[in-house]
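Below is one structure, written out as structure tokens; comments come after it.
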Amino acid sequence: MHQPTAAMLVIGDEILSGRTRDANAHYLAGQLAGAGIRLTEIRVVPDDAPVIVDAVRELAARVDHLFTSGGIGPTHDDITADCIAEAMGASIGVRDDARAILEAYYRPGELNEARLRMARIPEGAMLIDNPLSQAPGFTLGNVHVMAGVPSVFRVMLDGLLPRLEGGPVTLSHAFRVMLPEGELAAPLRQLAETHPQVSIGCYPFFRLGPGATLILRSADPVRLAAAAAEARAMLAERVAPEEIEETPPVNNPE
């Protein structure tokens, strides 16, 4: 079964300056893993129209789904909607359905020219609901455009994901041992060569001494189990079995 692919484009000078810490990529990665959609790239770009347009065109051509966050608010630097329209060859303007959502949300006289910018939607796009602050995101082609505010991004994504077709869910099997990763490098290389369709990662830590967490990932539970059995045996040759902390297969990219 085909597993759809995805990329994320995080848009905003505030992320690149370090003033704001991005939380949306972490949430998206976990939700996509649970939906059987493989996230292949996360890219951060500034509020620079040519850069955004080029990135959208490149990424949208390579993956099944491109998710963006940031730049769809009411201020002058919120240029994402215009950039998406340009990248996808669509016209853009205030759309009646988006305007109606904002008119219902704001009190009379509050829907000023700046706020009305949030009703500018590319032609042919499908709205993404925003139960928190109402200003909608949108889907145009395979590009899903959402807010940068984490709470709003989350509710938008939660409403969007059921509309997307997923594939096999990636499972992860973890082992945690008090061994330096230098001692595990050679046997892990052999394990990876023996099981090329299982992703194998080694993540060091220090807890009263050097240790490492091994994460095995695959959408095929049979292949994952075979690789995990070999990993377990390899570790048991180096430490006592009771010293191996093991987390059996879970739907969790971590």
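We did not get these values from a lab; they are worked out from the coordinates using the rules stated. The structure displayed is predicted, hence computed values, not measured ones. Cβ atoms come from the backbone with ideal geometry, glycine included; neighbour counts cover every protein chain shown.
Across segment 75-85, coupling constants 3J(HN,Hα) worked out from phi with the 6.51/-1.76/1.60 Karplus curve, θ = phi - 60°, read 8, 4, 8, 8, 10, 4, 4, 5, 5, 5, 4 Hz, and Gly and Pro carry x. By definition, a body whose alpha carbon gyration tensor gives a ≥ b ≥ c is prolate when a/c is 1.5 or more and a/b is larger than b/c, and segment 171-250 fits this prolate description.
On a 0 to 90 degree scale, rounded to 10, what angle separates helix 96-105 from the longest Cα axis of the chain? That helix lies at roughly 90 degrees to the long axis. Rounded to whole numbers, the Karplus 3J(HN,Hα) couplings from phi for segment 204-216 are x, 8, 10, 9, 6, x, x, x, 8, 10, 9, 10, 10 Hz, using 6.51 cos²θ - 1.76 cosθ + 1.60 with θ = phi - 60°, and x at Gly and Pro.
Contact order for the chain, expressed relative to its length and based on alpha carbon pairs under 8 Å spaced 6+ residues apart, stands at 19 percent. Within the chain, the percentage of alpha carbon pairs spaced more than 22 angstrom apart rounds to 61%. The Cβ shell under 13 Å around Leu140 holds other residues with a net charge of 0, Lys and Arg each +1, Asp and Glu each -1.
Distance between the pseudo-spin-label points of Arg232 and Arg62 (7 Å out from Cα toward the beta carbon): 3.8 nm. Taking only Cα atoms, what is the 0 to 90° angle, nearest 10, from helix 181-194's long axis to the longest principal axis of the chain? Result, in degrees: 80. Tell me the net charge near Ala90. Cut-off is 15 Å between Cβ atoms, Ala90 excluded, with +1 for each Lys or Arg and -1 for each Asp or Glu. Local charge sum for Ala90: 0. Placing +1 on the Cβ of every Lys and Arg and -1 on the Cβ of every Asp and Glu, with nothing else charged, gives segment 5-113 a dipole about its Cα centre of roughly 460 debye.
To test your reading of the geometry: what angle, between 0 and 90 degrees and rounded to tens, separates the Cα axis of helix 49-62 from the longest principal axis of the chain? Taking the Cα atoms of the chain, the angle to 49-62 is about 50 degrees. Backbone geometry of segment 27-32 corresponds, through the Karplus equation with coefficients 6.51, -1.76 and 1.60 at θ = phi - 60°, to 3J(HN,Hα) couplings of 5, 4, 4, x, 5, 5 Hz, x marking Gly and Pro. Think of it as helices only: each DSSP H run of n ≥ 4 in the chain is worth -39500 (n - 2.57), and spread over all residues that comes to -11000 deg cm²/dmol at 222 nm. Within the chain, what is the longest stretch that has no trypsin sites (Lys or Arg not before Pro) placed in a DSSP loop and near at most 12 other beta-carbon atoms within 10 Å? The reported range is 22-206.
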